[in-house]
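Working notes, beginning with the structure itself.
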Amino acid sequence: MLFKRIPGGSPANLAMNMTRLGNKAMLAATVGNDDMGDELRRYVESVGVDVTYVSKVEEPTTLILVTRSAAVSNFQAYRGADSQLSIRQFPFQRFEEISIFHTTCFALSKQPAQQVILQAAEKAKRAGCQLSIDANYSDKIWPDRRDAQRVITEFSRLNAMIKISDVDWIRLYE
């Protein structure tokens, strides 16, 4: 079995891709005070993403192990630092410069990050940001589907753009 380390995660990947397309992007996230957190921060910054708002905490950096085959991809999440967002990590003074405020089901699936992201999204919307969510729902990360539906509805009421695959729709609503 071969393990390949690929720094990322949906918000980091979006920020890096926006930067590669010539846009300015910043990432508000939390990583562990460990080698994996340092590597993720260093890699994202090397692409040109502003990592000023990436904080370190004592919990380990969240890891996702993905197995891929021609037929199906599967993952196992080892949660840690990702959910430890603080409202102080968001650059409210810069929200008027920001075009898009993006999040994911993964980020919203655990407290305190959920409440922090919802508060930041409301402030971002008031500052004129377009909200965006990747509704990448999985019961592996968010076992309470009704709670996920409630939170996504709350976020969506802020006029958010929603990216959802057929598979995610079925997992979340059928």
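The calculated 222 nm mean residue ellipticity attributable to helices in the chain amounts to -10500 deg cm²/dmol, summing -39500 (n - 2.57) over DSSP H runs of n ≥ 4 and dividing by all residues. Across 16, 36, 26, mean-square fluctuation computed from a Gaussian network of the chain (C-alpha pairs under 10 Å connected) peaks at 36. Farthest toward the positive end of the dipole of region 105-174, out of 118, 169, 141, is the Cα of 118, where the dipole comes from beta carbon charges about the Cα centre. The dipole here belongs to the chain: it is taken about the Cα centre, uses +1 on the Cβ of Lys and Arg and -1 on the Cβ of Asp and Glu, and is about 220 debye.
For residue 42, neighbours were defined as the other residues whose beta-carbon sits under 13 Å from its Cβ, and their charges (Lys and Arg +1, Asp and Glu -1) total -2. Rolling a 1.4 Å probe across the protein heavy atoms gives the chain an accessible surface of 60 Å² per residue.
Using a simple spin-label model with pseudo-atoms 7 Å out from Cα toward Cβ, residue 64 and residue 88 lie 2.8 nm apart. Atom-type composition of the exposed protein surface of region 100-174 places 50 percent of the accessible area on carbon and sulfur (1.4 angstrom probe).
The values are calculated or read from the model by the stated rules, or taken from the named source; none is laboratory data. Since this is a predicted model, take the numbers as computed values, not measurements. Counting neighbours? That spans all protein chains shown, and the Cβs are built from the backbone with ideal geometry, glycine included. Calculation scope for accessible area: heavy atoms of the full protein, side chains included, ligands and nucleic acids excluded. Shrake-Rupley method; radii C 1.70, N 1.55, O 1.52, S 1.80 Å.
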